[in-house]
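Worksheet: the structure to be examined is printed underneath.
The values are calculated or read from the model by the stated rules, or taken from the named source; none is laboratory data. What you see is a predicted model, and the numbers here were worked out from it, not measured in a lab. Quick reminder, even Gly has a Cβ in these numbers, built from the backbone with ideal geometry, and neighbours come from all protein chains shown.
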Amino acid sequence: MSILVLAEHNNKEIKSSTLNSISAATQIDSNIDVLVIGSNCDDLANKISNIDKVNKALLLDMPEYENPIAELYEPVITSLSQNYSHILGPASTFGKNIFPRVAVKLDVSQVSDVIKIIDKETFVRPIYAGNAIATVKSRDKIKIITIRPTSFDPAAKDGGSGNVEKITAEKINTAPEFIGREESSSDRPELGTARVVISGGRGLQSADNFKLLNEIADKLNAAVGASRAAVDAGYVSNDYQVGQTGKVVVPDLYIAVGISGAIQHLAGMKESKIIVAINKDDEAPIFNVADYGLKADLFEALPEFSKELDKLNTIQK
Amino acid sequence: MKIIVAVKRVIDYNVQVRVKADGTGVEKENVKMSMNPPDENAVEEALRIKEAGNANEVIIISIGDEKSQETIRTALAMGADKGILVKTDKEVEPLAVSKIISKVAEKEKPEIILLGKQAIDDDSNQTAQMVSAILNWPQATFASKIELKDNEAIVTREIDEGLETIKLSKPFVASCDLRLNEPRYASLPNIMKAKKKPIEIIEVGDLNIDIEPRIEQIKVEEPPVRQKGVMVSDVAELVNKLKNEAKVI
Ligand SMILES: Cc1cc2nc3c(=O)[nH]c(=O)nc-3n(C[C@H](O)[C@H](O)[C@H](O)COP(=O)(O)OP(=O)(O)OC[C@H]3O[C@@H](n4cnc5c(N)ncnc54)[C@H](O)[C@@H]3O)c2cc1C
Ligand SMILES: Nc1ncnc2c1ncn2[C@@H]1O[C@H](COP(=O)(O)O)[C@@H](O)[C@H]1O
């Protein structure tokens with residue numbers, strides 16, 4: 001049997017979550033097709049067919065599919081399901097929105113947010129915000145799976161020699177109308193894949209103070225993240241949020257500034273390789289997971305941090 | 001116009017969850033239980049829609065054991081009108097829960113069904129999407145703003161890239177984010193009043209829905225514990241350690 005992977009993309013570029021999904025799929029079976037649904041995305045489908053280990057890219061290219069409306073995607077995936085033993089995609093907001101619909105249409109229980117694949121039917125997934133790790137076995141005939149992208153290395157973008165096969169679909173009428181998207185644009189690396197992440201919490205006190213973090217982020221080529229409290233207070237937009245109900249990040253270096261370390265926040269960052277915490281309260285739980293803790297007032301520590309980084313750079317130059 | 005809100009009884013989000021030594025699950029005995037946090041936002045939103053004159057009845061549904069009545073009561077004390085408990089002592093997967101909610105919806109004929117975006121115990125994030133697919137009603141997941149206009153709703157959704165806005169017509173299903181609103185506290189008089197509000201109890205067996213789990217839980221383990229690191233005395237030491245010891249900058 002083969003595996004169908006649903007590609008996440010913006011009609012031009014492959015999102016890294018697609019590469020993570022393909023790499024997860026290779027741990028189940030070597031026969032992998034990737035479904036690309038979108039508009040004006042011939043080039044994209046070609047690129048996807050060249051990803052290592054991809055057998056072929058199935059392309060549904062119509063103007064209606066420009067945005068990933070779950071009601072439109074689901075029947076396309078469901079109609080292809082009989083050819084596959086597993087249908088897999090990322091546990092991003094894109095995948096979360098679509099996969100349960102496919103699962104219920106096929107009368108299957110979805111396995112969400114898989115972090116490890118044991119065999120064709122056995123998977124590991126975190127529950128209770130990562131405070132417990134469950135090993136589960138799916139009894140369903142077709143497995144519908146979303147994977148946590150940060151738990152699987154990305155597949156190589158080339159090395160494959162698959163072809164692109166065009167498919168068609170019937171139009172659906174009950175879908176919502178797409179009105180628009182507000183994407184925060186930034187020249188910094190993407191939060192989900194950055195090698196270094198620096199996050200701010202309620203301790204930052206204002207949107208304006210985030211510039212203290214931005215300055216350091218620019219010097220470290222880091223992405224900027226935030227706690228839910230910082231997002232709720234309006235310091236930064238929702239796409240910055242790290243945690244159980246935000247994004248999961250696994251950078252080489254995570255720097256938590258003015259963040260107490262609630263379990264819901266830890267759920268999104270505690271797998272990071274090195275964790276640094278800067279907090280003025282030495283009882284803050286974040287220090288329990290930090291490799292390096294600094295008890296300090298962030299308004300003094302951050303400008304100093306920035307200066308120290310400048311010193312390093314001048315020494316290197 | 002009726003609104004159905006689905007609420008789940010879960011371990012309170014402040015409780016440090018403990019894995020049972022025998023690996024069969026997590027400790028639930030003598031642990032504080034509460035309404036799943038985003039479900040409170042769903043209840044609040046339904047009440048606001050009713051208060052704005054856009055609905056006349058808010059029905060709360062929960063699927064679980066006898067004690068889930070307490071969670072339903074909490075919602076009734078916030079101001080909901082009646083409750084439905086679909087009673088089962090078994091663990092029910094989102095697949096079964098969504099079938100049950102859809103079946104009840106077919107009978108109650110609401111125009112809006114609100115759920116939380118994610119249950120903080122199983123972290124599945126599936127049920128609302130499944131209900132939408134079963135009923136063939138449009139869905140608005142991860143909603144942080146819902147504006148009703150006549151037969152339509154404009155919903156702002158929280159997505160990884162930022163915010164997305166969609167328009168959908170009634171009847172529809174929405175899953176609520178914590179940022180949708182600020183849930184109210186129940187006042188004492190409302191807590192007293194809620195005691196008299198009706199809760200209908202349906203035995204799950206009477207619904208003729210297959211609720212057998214499809215996913216077998218093989219074991220539940222503690223996550224690996226992180227070694228506590230060191231405290232550094234100043235920023236210079238921190239940067240030095242990051243550079244020369246951890247080699248990450
Ligand atoms: C269902 C649910 C889901 C949730 N999901 C998430 C999630 O995905 N992500 C998330 O982050 N949270 C989440 N939360 C919220 C979480 O429980 C915490 O409320 C939140 O993480 C707290 O954010 P914080 O650490 O920024 O704020 P606080 O807990 O208020 O901590 C602020 C910290 O800043 C420090 N500080 C203040 N001033 C300074 C200063 N000048 N210098 C140095 N330090 C200073 C303080 O000592 C304190 O430790 C969720 C909650 C629930 C109920
Ligand atoms: N047993 C249940 N009873 C009532 N509502 C539920 C139940 N399980 C899940 N839900 C609803 O579905 C939402 C999402 O749950 P889940 O798909 O398990 O993450 C929750 O926030 C609830 O609104």
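Pairs meeting the criteria (first residue in the range A:214-234 and of a type in the set (Asp, Glu), second residue assigned to a helix (DSSP H, G or I) and within 14 Å of ligand 1 (Cβ to nearest atom), beta carbons under 6 Å, at least 6 apart or on different chains) are lacking. Taking the conditions (1) part of a helix (DSSP H, G or I); (2) surrounded by fewer than 22 Cβ atoms within 10 Å (Cβ to Cβ); (3) aliphatic (A, V, I, L, M) in turn, A:Leu213 satisfies each one other than (2). In this structure, A:Lys311 does satisfy being without any contact (Cβ under 8 Å) to a residue 12 or more places away in the chain, surrounded by fewer than 23 Cβ atoms within 10 Å (Cβ to Cβ) and facing chain B (nearest Cβ under 10 Å). Please enumerate the residues belonging to the range B:120-146 that are surrounded by fewer than 24 Cβ atoms within 10 Å (Cβ to Cβ), closer than 22 Å to B:Ala75 by Cα and within 11 Å of chain A (Cβ to nearest Cβ). B:Asp121, B:Asp122, B:Asp123, B:Ser144, listed by residue number.
Do we have A:Pro149 as at pLDDT 95 or above, within 18 Å of the chain's Cα centre (by Cα), more than 7 Å from chain B (Cβ to nearest Cβ) and surrounded by fewer than 19 Cβ atoms within 10 Å (Cβ to Cβ) here? When the stated conditions are applied, A:Pro149 does not pass them.
Picking from residues in the range A:277-317 that are of a type in the set (Asp, Glu) and closer than 18 Å to A:Phe210 by Cβ, the one that is nearest to ligand 1 (Cβ to nearest atom) is A:Asp297. Restricted to the range B:160-240, the set of strands (runs of 3 or more DSSP E) holding at least 3 residues that are surrounded by fewer than 15 Cβ atoms within 10 Å (Cβ to Cβ) and either basic (Lys, Arg) or within 22 Å of the chain's Cα centre (by Cα) (or both) comprises B:199-203. Scan the range A:164-183 and tell me whether some residue there is basic (Lys, Arg) and within 14 Å of another protein chain (Cβ to nearest Cβ). Looking for residues that are basic (Lys, Arg) and within 14 Å of another protein chain (Cβ to nearest Cβ), one finds at least one in the range A:164-183, hence yes. Looking across the range A:99-129, the residues that are within 15 Å of ligand 2 (Cβ to nearest atom) and either on the phi > 0 side of the Ramachandran plot or modelled with pLDDT under 95 (or both) come down to A:Asp113, A:Tyr128, A:Ala129. Tally the residues that are surrounded by fewer than 24 Cβ atoms within 10 Å (Cβ to Cβ) and farther than 25 Å from A:Lys171 by Cβ, restricting the search to the range A:20-53. Selection size over the range A:20-53: 13.
Of all residues in the range A:287-301, those satisfying the criterion of being under 28 Å from the mean Cα position of the chain (by Cα) and farther than 13 Å from B:Asn240 by Cα are A:Phe287, A:Asn288, A:Val289, A:Ala290, A:Asp291, A:Gly293. When residues in the range B:60-70 are screened for being surrounded by fewer than 23 Cβ atoms within 10 Å (Cβ to Cβ) and either among the aromatic types (Phe, Trp, Tyr) or within 19 Å of B:Arg184 (Cα to Cα) (or both), 1 of them pass. In this structure, A:Asp113 does satisfy being within 14 Å of the chain's Cα centre (by Cα) and among the charged types (D, E, K, R).
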